[in-house]
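Visitor: One structure, as structure tokens, below. Some questions next.
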């Protein structure tokens, strides 16, 4: 069990499993522009090369929507967690959220003119936690603070195209089947289980949440794996196989996520 108490600029985390109190600091807004180098380093430690948003894109998110980004620092002022999000306008039923998931949030927030004042929903892009600081409730702190950000800006909901991380161990299992698995009566996937424990509702699958296409050579550089023929290949950290097409010199990866909805 993790208990969170957050005030202006600081978050205090009590982890009962370790019987200690760890002091952490929350930073939001333009002050984070001074942390972009550290943010880049942390993201490169956590996200696989083929899936990680480029620095150019993520820095644009910070520049355009600084108040909707969260940085978490430990007592030594080391960056240990990041939450990225974009304000959106959504007027349809949440059951109709787009199949494109993460790609849709990025497209809406960066490629189109988005009026923050008319936004009514906060769309999360990612939660990033330093490897050495996992399993201490950091992701819950970040999600809690994203909800606080939504409240501050009078947004009515938080939506997340959640990446069920443990599915990378079962890349050949259809996502429709995987999300029905249970462990001791609870959802099998730990990240989806975390969302549910915080009061979220699982809405539906966004089958094309992340779509990555690149040359076969680029895929070999990203993964360190040789792809000698056409076909579907299982690669480390991918939720589904990547398809290689030698005639067009293309590798294509289409990742399904799960739409998660938090009423505010």
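Visitor: Give 157, 197, 168 a once-over and let me know the one that is in contact with a strand residue (DSSP E or B) (Cβ under 7 Å, 6 or more places away or on another chain), under 23 Å from residue 128 (Cβ atoms), in the same structural domain as residue 129 (by TED's automatic domain parsing) and modelled with pLDDT of 95 or more.
Guide: Result: 157 is the single residue among 157, 197, 168 that is in contact with a strand residue (DSSP E or B) (Cβ under 7 Å, 6 or more places away or on another chain), under 23 Å from residue 128 (Cβ atoms), in the same structural domain as residue 129 (by TED's automatic domain parsing) and modelled with pLDDT of 95 or more.
Visitor: Looking only at region 66-87, how many residues end up being over 13 Å from the mean Cα position of the chain (by Cα) and closer than 10 Å to residue 149 by Cβ?
Guide: Adding up the residues that qualify gives 3.
Visitor: If you don't mind, there's one more thing I want to ask. Filtering region 118-141 down to residues that are touching a helix residue (DSSP H, G or I) at 6+ places or on another chain (Cβ under 7 Å) and more than 25 Å from residue 152 (Cβ to Cβ), which residue is surrounded by the fewest Cβ atoms within 10 Å (Cβ to Cβ)?
Guide: In this case the residue turns out to be 131.
Visitor: Here's another thing I want to ask about it. In region 245-264, what residues are crowded, with 19+ Cβ neighbours inside 10 Å, in contact with a helix residue (DSSP H, G or I) (Cβ under 6 Å, 6 or more places away or on another chain) and over 17 Å from residue 97 (Cα atoms)?
Guide: 251
Visitor: Within region 34-45, which residues are farther than 18 Å from residue 77 by Cβ and surrounded by 17 or more Cβ atoms within 10 Å (Cβ to Cβ)?
Guide: 43
The values are calculated or read from the model by the stated rules, or taken from the named source; none is laboratory data. Please read all numbers here as calculations on a predicted model, not as lab measurements. Cβ atoms come from the backbone with ideal geometry, glycine included; neighbour counts cover every protein chain shown.
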